[in-house]
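Coordinate-derived values only; no laboratory data. Predicted model, so just to flag it, every value in this text is computed and none were measured. Here the Cβ positions follow ideal geometry from the backbone for every residue, glycine too, while neighbour counts run over all protein chains shown.
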Amino acid sequence: MSERAFEHIVVTGGAGFIGANFVRLLRRERPGVRVTNVDLLTYSGNLENLAGLEGDDGYRFVKGDVGDAALMDEVLRDADGVVHMAAESHVDRSIMDSRPFIVSNVLGTQTLLDAARRSPRKPRFLYVSTDEVYGSLPLDKPEELFTEETPLQPNSPYAASKAGGDVLVRAAHHTFGMDCVTTRCSNNFGAYQFPEKVIPLFVTNLIEGKKVPLYGDGKNVRDWLHVEDHCEAILTVLERGAAGEVYNVGGNNERTNLELTHSILAAMGKGEAMIEYVPDRLGHDRRYAIDARKIKRELGWEPTRSAWPGALESTVRWYVEHAEWWQRVRSGAYRAYYEKQYGER
Ligand code: NAD
Ligand code: TYD
């Protein structure tokens, strides 16, 4: 297994939840590698997630759209690695309006692939995909898991747009011999997650004395992985993954939404009365569950920070202790931070 060393990695979507955690990991664990973060700063992009890196010579922020071909040519000119995670990421928003998902996740991915192909250094291209591309598993067959060979059967517009990017990456490798690798990860939790996703939404609602809206019967199952484990997996695949391969990433940590909600309530000293059952999400996938044996067997990665309930409890604590962060996110005030740091561009 050969290990690659990088000089300059471009991260897309680095101002989002996973991106910010990944940029921080790179600066901490690979201080010799220059990092350029390209992010459009949509509603979920927040430079406050990267506070403290402003004076860091090895880090550069570029505000931009991965769908802007000229800008991507410029940004990727001397990159030897690209970690592509810029995306519209929330299923409920994709149900309300799928267009931005197709624009960023499908067209944006192809634009970035084309720029990488034109780039003189022929950077390795890692696509951060999701287990949602596989569709849904039944609740009554717990032995069934998604493997890398499971057919792609996305069910939501979000999942379909991610699957679109996923197969475009496959095609770029097959047709042009590009050095591409793909990760497909389960649900993440941890610091800096936009409070529309279930864990930060529920925790921040409870802090504010509001109920938590549980969809349907609460029996849908997700496999929860701490974001820092995901980021370590991305770095592992970037440095050691085989070109053209897909690696599943999961926490082996399946919970029903009701179990998750009870754990959050317990961590916050709140009772069952705070649950409000609300109508189900349209097309709500029943169960996601990942078989992550390949990445363990071939690359030696396994989760170390996702153990339940400790990892959930420390995440809950992070939101309790960072009320200023999520209150600014919820009120929209975080957007002014960018203008203060970088001016109107
Ligand atoms: P997020 O919404 O917190 O962050 C997305 C970031 O992408 C934001 O900073 C946003 O400004 C940026 N962005 C969006 N469109 C852009 C564009 N056209 N050009 C440049 N930047 C753009 O999402 P996240 O949860 O951090 O997810 C990051 C990636 O990981 C996504 O690709 C998502 O599909 C994937 N993923 C997420 C999870 C999860 O549980 N959150 C699990 C598996 C995979
Ligand atoms: P979410 O965090 O949106 O992630 P994903 O849809 O990508 O898995 O939702 C996680 C689970 O929580 C999903 O089964 C839907 C459920 N959910 C609720 O019950 N209530 C909510 O308000 C939200 C946002 C999600």
Computed over the chain, the relative contact order (Cα-Cα under 8 Å, seq sep at least six) in percent reads 18
Quick calc: nm separation of the 7 Å Cα→Cβ label points for His284 and Arg77 -> 5.1
Expressed in angstrom and ordered largest first, the alpha-carbon extents of the chain along the principal axes are 59, 48, 36
Nearest 10, in degrees from 0 to 90: the angle of helix 227-240 to the longest Cα principal axis of the chain is 30
Note to self: Kirkwood Rh of region 110-264, Cα pairs, one decimal, Å, is 17.2
Final fewest-first order of Leu53, Leu282 on the 10 Å Cβ neighbour count is Leu282, Leu53
Using alpha-carbon positions, the gyration tensor of region 100-178 gives root eigenvalues a ≥ b ≥ c; with a/c under 1.5 called rounded, otherwise prolate if a/b exceeds b/c, else oblate, the class is prolate
Note on region 1-106: alpha-carbon gyration tensor, axes a ≥ b ≥ c; rule is a/c under 1.5 for rounded, else prolate if a/b larger than b/c, else oblate; result prolate
Share (percent) of C-alpha pair distances in region 253-324 greater than 14 Å works out to 74
Rounded to the nearest Å, the spacing of the alpha-carbon centers of region 50-79 and region 115-173 is 25
Taking Cα atoms only, helix 108-118 is inclined relative to the longest principal axis of the chain by an angle, in degrees rounded to 10, of 20
Among Lys63/Lys296; Lys63/Lys294; Lys122/Lys296; Lys141/Lys197; Lys63/Lys211; Lys63/Lys210, the pairs whose Cα-Cα distance exceeds 31 Å are Lys63/Lys296; Lys63/Lys294; Lys63/Lys211; Lys63/Lys210
For the chain, the longest principal axis of the Cα atoms and the Cα long axis of helix 198-207 enclose an angle in degrees, to the nearest 10, of 50
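Helix-only estimate, please: 222 nm mean residue ellipticity of the chain, summing -39500 (n - 2.57) across DSSP H runs of length 4 or more and dividing by its residues, to the nearest 500.
When only DSSP H runs of four or more count, the value is -11000 deg cm²/dmol.
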